[in-house]
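Participant: This is the structure I have questions about; it appears just below.
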Amino acid sequence: MRPHVLAALLALLPACSWPDMRDPETATLTGTATYRERIALPPDAVVTVRLQDVSRQDVAAETLAEQTIEMQGKQVPVAFELTYDPADIVPSHRYSVRAEIRSGGRLMFASSSAAPVFAEGAPTELELLLTRVRGATPEALALPLRGTKWVLTGIGENGVVTQEGREPAHLLLAEDELRYSGSATINRIAGGLEIDGAELHFQPGPMTEMAGPPDLMEQEQRFVAALAKVDGYSIERDRLTLSSNGETLLVFAAAQDD
(Lines give C-alpha, C1' and ligand atoms only; values in the text may rest on other atoms or scores of the structure.)
Protein backbone atom coordinates (compact mmCIF):
# COMPACT_ATOMS: atom_id res chain seq x y z
CA MET A 1 0.00 0.00 0.00
CA ARG A 2 1.29 3.42 -0.93
CA PRO A 3 2.26 5.69 1.97
CA HIS A 4 -0.22 8.44 1.06
CA VAL A 5 -3.10 5.91 0.98
CA LEU A 6 -2.14 4.49 4.39
CA ALA A 7 -1.98 7.98 5.82
CA ALA A 8 -5.45 8.74 4.50
CA LEU A 9 -6.89 5.58 6.07
CA LEU A 10 -5.29 6.32 9.43
CA ALA A 11 -6.79 9.78 9.35
CA LEU A 12 -10.26 8.24 9.10
CA LEU A 13 -9.81 6.23 12.32
CA PRO A 14 -11.48 7.76 15.40
CA ALA A 15 -9.13 9.35 17.88
CA CYS A 16 -8.54 7.22 20.96
CA SER A 17 -6.52 7.46 24.16
CA TRP A 18 -4.42 4.52 25.27
CA PRO A 19 -4.22 3.63 28.95
CA ASP A 20 -1.04 4.55 30.77
CA MET A 21 0.76 1.22 31.20
CA ARG A 22 3.64 2.61 33.24
CA ASP A 23 4.33 1.21 36.67
CA PRO A 24 3.24 3.39 39.60
CA GLU A 25 5.96 5.63 40.93
CA THR A 26 8.33 3.78 43.24
CA ALA A 27 11.67 4.37 44.92
CA THR A 28 14.48 2.07 46.00
CA LEU A 29 16.91 1.59 48.86
CA THR A 30 20.13 -0.22 47.98
CA GLY A 31 23.05 -1.61 49.92
CA THR A 32 24.92 -4.72 50.96
CA ALA A 33 24.65 -7.23 53.81
CA THR A 34 27.63 -9.10 55.22
CA TYR A 35 29.18 -10.51 58.41
CA ARG A 36 32.69 -10.67 59.87
CA GLU A 37 32.88 -14.38 60.68
CA ARG A 38 34.93 -16.43 58.24
CA ILE A 39 32.18 -18.98 57.74
CA ALA A 40 30.94 -20.12 54.34
CA LEU A 41 27.20 -20.10 53.78
CA PRO A 42 25.56 -23.41 52.84
CA PRO A 43 24.13 -23.65 49.31
CA ASP A 44 20.54 -23.28 50.53
CA ALA A 45 21.17 -20.04 52.45
CA VAL A 46 18.54 -17.34 51.98
CA VAL A 47 19.02 -13.65 52.77
CA THR A 48 15.96 -11.57 53.68
CA VAL A 49 16.11 -7.78 53.89
CA ARG A 50 13.20 -5.68 55.19
CA LEU A 51 12.28 -2.00 55.30
CA GLN A 52 10.18 -1.44 58.42
CA ASP A 53 8.27 1.30 60.19
CA VAL A 54 9.57 1.20 63.78
CA SER A 55 7.75 4.28 65.06
CA ARG A 56 5.33 2.60 67.44
CA GLN A 57 6.72 1.20 70.67
CA ASP A 58 5.39 -2.06 72.07
CA VAL A 59 4.09 -3.07 68.62
CA ALA A 60 5.84 -5.29 66.12
CA ALA A 61 7.37 -3.29 63.27
CA GLU A 62 5.36 -2.89 60.05
CA THR A 63 7.17 -4.15 56.95
CA LEU A 64 6.91 -1.82 53.95
CA ALA A 65 9.27 -3.64 51.59
CA GLU A 66 11.02 -7.00 51.58
CA GLN A 67 13.52 -8.78 49.34
CA THR A 68 14.43 -12.45 49.55
CA ILE A 69 17.69 -13.54 47.92
CA GLU A 70 18.57 -17.21 47.38
CA MET A 71 22.36 -17.40 47.61
CA GLN A 72 22.70 -20.70 45.65
CA GLY A 73 26.30 -21.15 46.75
CA LYS A 74 27.27 -17.47 46.57
CA GLN A 75 28.84 -15.77 49.58
CA VAL A 76 28.60 -12.38 51.27
CA PRO A 77 28.62 -9.50 50.76
CA VAL A 78 25.27 -9.68 49.02
CA ALA A 79 23.73 -6.68 47.28
CA PHE A 80 20.05 -5.89 47.86
CA GLU A 81 17.48 -3.48 46.48
CA LEU A 82 14.26 -2.67 48.32
CA THR A 83 11.48 -1.16 46.23
CA TYR A 84 8.89 0.86 48.16
CA ASP A 85 6.12 3.37 47.59
CA PRO A 86 7.18 6.87 48.73
CA ALA A 87 3.53 7.61 49.49
CA ASP A 88 3.78 5.12 52.39
CA ILE A 89 6.51 7.14 54.10
CA VAL A 90 5.25 9.44 56.87
CA PRO A 91 7.76 12.22 57.65
CA SER A 92 7.17 12.03 61.41
CA HIS A 93 7.72 8.24 61.57
CA ARG A 94 10.97 6.33 62.06
CA TYR A 95 12.12 3.72 59.55
CA SER A 96 14.94 1.20 59.48
CA VAL A 97 16.32 -1.70 57.45
CA ARG A 98 17.46 -5.01 58.85
CA ALA A 99 18.53 -8.34 57.38
CA GLU A 100 18.80 -12.00 58.32
CA ILE A 101 20.27 -15.16 56.83
CA ARG A 102 18.60 -18.56 57.21
CA SER A 103 19.51 -22.05 56.14
CA GLY A 104 16.93 -24.82 56.18
CA GLY A 105 14.57 -22.34 57.83
CA ARG A 106 16.98 -21.85 60.73
CA LEU A 107 18.37 -18.43 61.60
CA MET A 108 22.15 -18.17 61.19
CA PHE A 109 22.88 -14.43 61.09
CA ALA A 110 20.81 -11.35 61.88
CA SER A 111 21.18 -7.61 62.23
CA SER A 112 22.19 -6.82 65.80
CA SER A 113 20.79 -3.32 65.28
CA ALA A 114 18.62 -1.81 62.58
CA ALA A 115 19.97 0.75 60.12
CA PRO A 116 17.92 3.97 60.19
CA VAL A 117 16.77 5.42 56.86
CA PHE A 118 15.03 8.59 55.66
CA ALA A 119 16.25 10.53 58.72
CA GLU A 120 18.55 13.51 58.42
CA GLY A 121 22.12 12.30 57.97
CA ALA A 122 21.11 8.68 57.29
CA PRO A 123 23.15 7.03 54.49
CA THR A 124 21.57 6.46 51.10
CA GLU A 125 23.73 3.38 50.41
CA LEU A 126 23.34 0.93 53.30
CA GLU A 127 26.01 -1.41 54.67
CA LEU A 128 24.36 -3.94 56.99
CA LEU A 129 26.67 -5.87 59.33
CA LEU A 130 25.08 -9.08 60.58
CA THR A 131 26.13 -11.08 63.63
CA ARG A 132 26.00 -14.81 64.16
CA VAL A 133 23.03 -15.92 66.24
CA ARG A 134 24.14 -17.25 69.62
CA GLY A 135 23.58 -20.99 69.80
CA ALA A 136 22.67 -21.24 66.13
CA THR A 137 22.69 -24.99 65.51
CA PRO A 138 20.68 -27.30 63.25
CA GLU A 139 18.48 -28.03 66.26
CA ALA A 140 17.83 -24.43 67.24
CA LEU A 141 15.77 -21.86 65.41
CA ALA A 142 16.33 -18.57 67.18
CA LEU A 143 14.17 -15.52 66.75
CA PRO A 144 15.90 -12.13 67.04
CA LEU A 145 16.09 -10.62 70.52
CA ARG A 146 15.15 -7.17 69.29
CA GLY A 147 11.96 -6.56 67.36
CA THR A 148 10.23 -9.70 68.69
CA LYS A 149 7.38 -9.29 71.14
CA TRP A 150 8.23 -11.55 74.10
CA VAL A 151 5.33 -12.68 76.32
CA LEU A 152 6.15 -13.63 79.93
CA THR A 153 5.53 -17.32 80.67
CA GLY A 154 7.56 -17.87 83.84
CA ILE A 155 9.20 -16.12 86.79
CA GLY A 156 11.93 -18.37 88.11
CA GLU A 157 10.43 -21.83 88.30
CA ASN A 158 6.87 -20.54 88.62
CA GLY A 159 4.28 -19.90 85.97
CA VAL A 160 2.44 -16.62 85.56
CA VAL A 161 -1.04 -15.39 86.39
CA THR A 162 -3.16 -13.94 83.59
CA GLN A 163 -6.56 -12.29 83.51
CA GLU A 164 -9.13 -12.60 80.75
CA GLY A 165 -9.40 -9.40 78.78
CA ARG A 166 -6.05 -8.10 80.01
CA GLU A 167 -2.94 -8.23 77.84
CA PRO A 168 -0.30 -10.50 79.44
CA ALA A 169 3.02 -9.19 80.70
CA HIS A 170 5.49 -8.78 77.86
CA LEU A 171 8.57 -6.98 76.56
CA LEU A 172 9.55 -5.49 73.22
CA LEU A 173 13.18 -4.49 72.70
CA ALA A 174 13.43 -1.74 70.08
CA GLU A 175 15.35 -2.51 66.90
CA ASP A 176 16.77 0.93 66.19
CA GLU A 177 17.68 2.16 69.68
CA LEU A 178 18.71 0.74 73.05
CA ARG A 179 15.25 0.95 74.58
CA TYR A 180 12.57 -1.46 75.75
CA SER A 181 8.87 -1.14 76.49
CA GLY A 182 6.05 -3.40 77.54
CA SER A 183 3.75 -4.40 80.35
CA ALA A 184 4.77 -5.65 83.80
CA THR A 185 1.27 -7.15 84.23
CA ILE A 186 -0.83 -4.16 85.35
CA ASN A 187 1.41 -1.21 84.54
CA ARG A 188 3.33 -0.13 81.44
CA ILE A 189 7.11 -0.05 81.69
CA ALA A 190 9.94 1.34 79.58
CA GLY A 191 13.62 2.03 79.92
CA GLY A 192 17.09 1.71 78.47
CA LEU A 193 19.18 -1.32 77.49
CA GLU A 194 22.80 -2.36 77.61
CA ILE A 195 23.71 -5.20 75.23
CA ASP A 196 27.19 -6.65 74.80
CA GLY A 197 27.21 -10.05 73.16
CA ALA A 198 25.26 -12.38 75.44
CA GLU A 199 25.22 -9.79 78.26
CA LEU A 200 22.01 -7.84 78.74
CA HIS A 201 21.00 -5.23 81.31
CA PHE A 202 17.68 -3.42 81.71
CA GLN A 203 17.78 0.15 82.97
CA PRO A 204 14.64 1.27 84.84
CA GLY A 205 12.56 4.03 83.30
CA PRO A 206 9.04 5.44 83.52
CA MET A 207 6.26 3.21 84.85
CA THR A 208 2.55 3.89 85.22
CA GLU A 209 0.95 3.65 88.68
CA MET A 210 -2.32 1.81 88.21
CA ALA A 211 -3.73 -0.65 90.75
CA GLY A 212 -5.06 -4.11 90.06
CA PRO A 213 -5.97 -7.45 91.67
CA PRO A 214 -3.58 -8.44 94.51
CA ASP A 215 -2.24 -11.55 92.75
CA LEU A 216 -1.42 -9.60 89.60
CA MET A 217 0.16 -6.75 91.57
CA GLU A 218 2.33 -9.22 93.48
CA GLN A 219 3.40 -10.84 90.21
CA GLU A 220 4.23 -7.43 88.76
CA GLN A 221 6.52 -6.63 91.69
CA ARG A 222 8.40 -9.91 91.25
CA PHE A 223 8.70 -9.31 87.50
CA VAL A 224 10.12 -5.79 87.88
CA ALA A 225 12.52 -6.91 90.63
CA ALA A 226 13.79 -9.79 88.48
CA LEU A 227 14.19 -7.56 85.43
CA ALA A 228 16.52 -5.27 87.38
CA LYS A 229 18.82 -8.24 88.17
CA VAL A 230 19.16 -9.57 84.59
CA ASP A 231 22.72 -9.78 83.25
CA GLY A 232 22.38 -12.28 80.40
CA TYR A 233 20.05 -13.95 77.95
CA SER A 234 19.69 -16.93 75.65
CA ILE A 235 17.24 -17.74 72.85
CA GLU A 236 16.22 -21.17 71.65
CA ARG A 237 13.65 -21.36 68.91
CA ASP A 238 10.84 -19.03 70.13
CA ARG A 239 11.86 -19.07 73.80
CA LEU A 240 13.79 -16.27 75.54
CA THR A 241 15.43 -16.83 78.92
CA LEU A 242 16.72 -13.93 81.02
CA SER A 243 19.22 -14.85 83.70
CA SER A 244 21.52 -13.59 86.44
CA ASN A 245 24.84 -15.35 87.01
CA GLY A 246 23.48 -18.29 85.02
CA GLU A 247 20.31 -18.59 87.13
CA THR A 248 17.00 -18.36 85.26
CA LEU A 249 14.98 -15.33 86.31
CA LEU A 250 12.38 -14.82 83.59
CA VAL A 251 11.13 -16.95 80.69
CA PHE A 252 9.27 -15.63 77.64
CA ALA A 253 7.69 -17.02 74.48
CA ALA A 254 7.44 -15.15 71.18
CA ALA A 255 3.98 -13.69 70.67
CA GLN A 256 1.93 -15.45 68.03
CA ASP A 257 0.77 -13.47 65.02
CA ASP A 258 -2.84 -12.45 65.16
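The values are calculated or read from the model by the stated rules, or taken from the named source; none is laboratory data. As the structure is a prediction and not an experimental result, all values here were calculated from the model. Because the Cβ atoms are built from the backbone with ideal geometry, glycine has one as well, and the counts that use them run over all protein chains shown. When the accessible area is computed, the model is the full protein with side chains, heavy atoms only, and any ligands, DNA or RNA have been set aside. Shrake-Rupley method; radii C 1.70, N 1.55, O 1.52, S 1.80 Å.
Participant: Considering only protein heavy atoms and a 1.4 Å probe, what is the carbon-and-sulfur percentage of the accessible area of the range 144-258?
Facilitator: C and S fraction of accessible area: 47 percent.
Participant: Calculate the dipole size of the range 29-98 relative to its Cα centre from +1 charges on Lys and Arg beta carbons and -1 charges on Asp and Glu beta carbons; express the result in debye to the nearest 20.
Facilitator: In debye, rounded to 20, the range 29-98 gives about 360.
Participant: Read phi for every residue in the range 43-53 and hand back ³J(HN,Hα) as whole Hz from Karplus 6.51 cos²θ - 1.76 cosθ + 1.60, θ = phi - 60°, with x for Gly and Pro.
Facilitator: For the range 43-53, the Karplus-derived couplings read x, 8, 4, 10, 9, 10, 10, 10, 9, 10, 8 Hz, x marking Gly and Pro.
Participant: Provide the FRET efficiency to the nearest 0.05 for the A27-E236 pair, computing r from the beta carbons and using R0 = 45 Å.
Facilitator: E between A27 and E236, to the nearest 0.05, is 0.70.
Participant: From the Cα trace of the range 161-258, what convex hull volume per residue do you get, rounded to a whole Å³?
Facilitator: That works out to 114 Å³ per residue.
Participant: Please list, in order along the range 191-199, the HN-Hα scalar couplings obtained from phi with the Karplus expression 6.51 cos²θ - 1.76 cosθ + 1.60 (θ = phi - 60°), rounded to whole Hz, x for Gly and Pro.
Facilitator: Here the 3J(HN,Hα) series is x, x, 10, 10, 10, 9, x, 8, 8 Hz.
Participant: Counting heavy atoms of the protein chains only and a 1.4 Å probe, report the per residue accessible area for the range 57-208 as a whole number of Å².
Facilitator: Heavy-atom SASA per residue in the range 57-208 reads 52 Å².
Participant: Still on this model: Rank by packing, highest mean first: peptides 214-220, 237-243, 153-159, 108-114, with packing defined as the count of other Cβ atoms within 10 Å averaged across residues.
Facilitator: Descending mean neighbour count gives 108-114, 237-243, 214-220, 153-159.
Participant: Please give the peptides 40-46, 160-166 ranked by average Cβ packing (other Cβ atoms within 10 Å per residue), highest first, as a rough proxy for protection.
Facilitator: Packing proxy ranking, top to bottom: 40-46, 160-166.
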